[in-house]
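A short reminder: the numbers here are calculations on the coordinates, not readings from a lab. Just so it is clear, the structure is predicted and the values come from calculations on it, not from any experiment. Methodologically, a virtual Cβ is constructed for each residue, glycine included, from the backbone with ideal geometry; neighbour enumeration extends over all protein chains shown.
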């Protein structure tokens, strides 16, 4: 699953989310559900701007992980995890907990898929080294099975 | 008798005002605010008029206005 697919799943699962964007911590857009590219970039920039401004609101250095800005025109959600940010726009009065849950799930699914892909990458080399012993084992089992077949009629008679 | 009807009318008016206030609060446009959630599980809410609210809400307003066209 790539980032675009993760966002597509997100908007499909959560009907309240009108549009969402996934961005790196530096503001570069990874994927967006907005038909116009600049809308996605603008939302990503705003989410990062909000997170940066909100970071300064607490003096004890606690890490800000998510925020919701409520206006009469709708809500803006932003969730930050592992250097990435997913931001979404909803209509007025969304189910806050559900939207946050869906955004976090989107980020985690993407991370999981990337971890799987990273593990899978060195696998071809490992398979190549493992191929020879497997062939050997397969050959030995074939021999054993042949013996059994040969022995089978003896046992029966 | 007259005093009793005045008290009744006042009671009805007060009840209607309370019902209207409840209805407006629960069905009207949501009040602007920004909720911040931190890694330790704590949450802080800022409303317009506070320093953080006045700093954060214009950004959200701008994006939502642009998104709504």
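Classified by the C-alpha gyration tensor, chain B has a prolate form. Its axis ratio a/c, with a ≥ b ≥ c, is 1.5 or above, and a/b is larger than b/c.
For the pair residue A:8 and residue B:23, a Förster radius of 30 Å applied to the C-beta separation gives a FRET efficiency near 0.20, rounded to the nearest 0.05. Using C-alpha pairs below 8 Å separated by at least 6 residues, the relative contact order for the range A:3-120 is 27 percent.
The residue B:31 and residue A:119 beta-carbon pair, evaluated with R₀ = 45 Å, returns a calculated FRET efficiency of approximately 0.40. Counted residue by residue at 0.36 nm each, then reduced by the alpha carbon distance between them, the extension gain from residue B:6 to residue B:43 reaches 8.6 nm.
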